[in-house]
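All remarks here apply to the structure that follows.
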Amino acid sequence: MNSVGEACTELKREYDQCFNRWFAEKFLKGENDGDPCGQLFKRYQLCVQKAIKEKDIPIEGLEFMGPSKGKTENSS
């Protein structure tokens with residue numbers, strides 16, 4: 001599957017390969033010693049955010065995975 005931005009598709013493929021390899025070869029075998037794909041994910045995430053802005057895709061009301069600046073809807 002391609003990414004939302006054509007320029008991001010290769011980054012998505014690289015991240016997917018990294019994650020799938022880590023998941024199958026490490027995580028499922030009980031080895032959870034870090035996040036080897038984190039930097040790839042960050043690069044892909046930035047690319048997608050840029051593509052969303054460039055395509056003027058409305059994202060109001062959508063929740064994304066990732067840091068939430070320390071607040072959730074249920075926090076006071």
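Quick note: the coordinates plus some simple rules give every number you see, no bench work behind them. None of the values given here were measured: they were computed from a predicted structure. A quick note on method: Cβ atoms are made from the backbone with ideal geometry, for glycine too, and the neighbour counts reach across all protein chains shown.
A few remarks follow.
- Residue in region 9-16 that is surrounded by 11 or more Cβ atoms within 10 Å (Cβ to Cβ), among the aliphatic types (A, V, I, L, M) and either on the phi < 0 side of the Ramachandran plot or over 13 Å from the mean Cα position of the chain (by Cα) (or both) present: yes
- Positions within region 1-46 being assigned to a loop (DSSP other than H, G, I, E, B) and closer than 30 Å to residue 59 by Cα, in sequence order: 1, 2, 3, 4, 5, 35, 36, 37
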